[in-house]
1. Name the pairs whose Cβ atoms lie under 6 Å apart, with the first residue in segment 215-236 and of a type in the set (S, T, N, Q), the second open to solvent by less than 60 Å² (accessible area, probe 1.4 Å) and in a helix (DSSP H, G or I), and 6 or more positions between them or separate chains?
2. Taking segment 200-235 only, how many residues are more than 20 Å from LEU158 (Cβ to Cβ) and either surrounded by fewer than 15 Cβ atoms within 10 Å (Cβ to Cβ) or hydrophobic (A, V, I, L, M, F, W, C) (or both)?
3. So, in segment 376-423, exactly how many residues are open to solvent by less than 20 Å² (accessible area, probe 1.4 Å) and either under 16 Å from ASN365 (Cβ atoms) or touching a Ser or Thr at 6+ places or on another chain (Cβ under 6 Å) (or both)?
4. Name the single residue that is surrounded by the most Cβ atoms within 10 Å (Cβ to Cβ) among those in segment 295-344 being more than 26 Å from SER18 (Cα to Cα) and of a type in the set (Phe, Trp, Tyr).
5. Confirm whether LEU324 is assigned to a helix (DSSP H, G or I), of a type in the set (A, V, I, L, M, F, W, C) and within 14 Å of PRO177 (Cβ to Cβ).
6. So, LEU405, is that one in contact (Cβ under 8 Å) with a residue 60 or more places away in the chain and not basic (Lys, Arg) or not?
7. If a residue has to be at pLDDT 80 or above, open to solvent by less than 50 Å² (accessible area, probe 1.4 Å) and not in a helix (DSSP H, G or I) to count, how many in segment 32-88 make the cut?
8. Can you tell me which residues in segment 408-418 are part of a helix (DSSP H, G or I) and touching a residue at least 40 places away in the same chain (Cβ under 8 Å)?
Amino acid sequence: MSIALAIPAALFFLAIGSHVAVALGLVAAVLLLAFGGVPMTVIAQTAFKSVNSYSLMAIPMFLLAGNLIMKGRIAELIIELVGSIVRAVRGGLAQTVLITSVFFAAVSGSSVGSAAAIGSSTVEGLKREGYPARFAAALVAVGGTLGLMIPPSLGFILIGSIVGLPVDKLFMAGILPGLMEAALLMIGVAFMARRHSYGYKIARPDWKGFANRLPAAVPALAMPVLVIGSIYSGFLTPTEVSAFAAAYAALLCLFVYRSVTAGVMWETARQSLLQTAMIFAVVMGGSLVGFVMARMGVSQALIGALHAAEMNPYMFLLMVNLVLLVLGMFLDGIALIVLTAPLLFPAATALGIDPIHFAVIMVANVEIATLTPPIGLNLFVMSGIARIPVHEVARGVLPFFGVRLTGLALITYIPAISLALVQ
């Protein structure tokens, strides 16, 4: 009965414009007080404990590193370097955007941040080369989602903190799926560019230009290598790497490229702090919802229902993907993870599904959620950058859904893609 009242109440708060953290936290707190008999002090301690986590401390530093790279206008440097070679093929600028998206994914950990950084540097150029505005916006929006899969991924940090999985192993698990997704997108773009005669191409690869631009780009290109290499070698923990990444990004922007001032640095740090507060607020609200579900035995009831229905892992994963795809239309990625991870991970483990593999499946669904209206954040970001309506960006994204769903299916039913690099 209490759950039946809680769901409409949460939807009401969201409908009137309340932040998702407020809606979740307030409804869960009322449930615990009114129906669970839980003291207010226990509710406060539960909320605080959810963010009092060593692994979550990586989030503000990775956000700062990604925001600095975005402010430092390093995208243009990478685009010019890669474009020297790749633009010799049909649709070369679009392929350059996707390759640059892989780079930004490996330094930012944020889908929205990657899309914003790359979009501001490429959308106008794509339009000048004959790409439709909605295709250009959709391309950057889809490429930006790679920031959720390729480490350092904020999604993996959240999942690791919530369900108790090692973040370094989650990072390693995301490398091959992220690269596979990028390869699938590049194949899709090659097909669309050839079919619709999108873009221009240069006569031959400009190897001399590539060689001239490479020395200036080396410090930036070294950043993802250092970040991922430090984690994979075990030299640094993900939290320690986040601090290193932020310091390295500051060094690049302030002293190597001199692309930001001290004032911009301060403002970037302030924005990163506000983004961190928003994420932590959602985690706190979601932790109270998880506490409610635990006290009411929802997870155990779900596991019992799965055993009673004799559901096999393949059918369960299909059901999970369908549910997450639908929820992703109405929840942002952080809320989607915080709300569903405590419920779904115990059920997946009970069916013998590797939890690290399941985490990669969940992040793949969150990637798609950033592209699905009416809530898809990347759609709104690219609408503002490309100066076209949101529904036009959504129409441009539509041809890419087949590619993303193909990637989701491969990740779901071929566990080796996720687990090959996990030690």
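1. Between residues of segment 215-236 that are of a type in the set (S, T, N, Q) and residues that are open to solvent by less than 60 Å² (accessible area, probe 1.4 Å) and in a helix (DSSP H, G or I), the close pairs are SER230/VAL241.
2. Step one: list which residues in segment 200-235 are more than 20 Å from LEU158 (Cβ to Cβ), which gives 200-226, 229-230, 232-235.
Those left that are additionally either surrounded by fewer than 15 Cβ atoms within 10 Å (Cβ to Cβ) or hydrophobic (A, V, I, L, M, F, W, C) (or both): 200, 202-204, 207-208, 210-212, 214-218, 220-223, 225-226, 229, 233-235.
Residues flagged as more than 20 Å from LEU158 (Cβ to Cβ) and either surrounded by fewer than 15 Cβ atoms within 10 Å (Cβ to Cβ) or hydrophobic (A, V, I, L, M, F, W, C) (or both) within segment 200-235 amount to 24.
3. Number of matching residues: 11.
4. Going through the qualifying residues, I end up with PHE316.
5. Criteria not met by LEU324.
6. Numbers: in contact (Cβ under 8 Å) with a residue 60 or more places away in the chain: no; not basic (Lys, Arg): yes.
It is false that LEU405 is in contact (Cβ under 8 Å) with a residue 60 or more places away in the chain and not basic (Lys, Arg).
7. 1
8. Our first condition is that a residue be part of a helix (DSSP H, G or I); within segment 408-418, this holds for 408-413, 416-418.
If the condition is that a residue be part of a helix (DSSP H, G or I) and touching a residue at least 40 places away in the same chain (Cβ under 8 Å), then LEU408, LEU410, ILE411, THR412, TYR413, ILE417, SER418 are the ones that fit.
The values are calculated or read from the model by the stated rules, or taken from the named source; none is laboratory data. A quick note: this is a predicted structure, and the numbers were derived from the prediction, not measured. Glycine gets a Cβ as well: all are built from the backbone with ideal geometry, and neighbour counts include every protein chain shown. The area values use the complete protein model at the heavy-atom level, side chains included, leaving out ligands, DNA and RNA. Shrake-Rupley method; radii C 1.70, N 1.55, O 1.52, S 1.80 Å.
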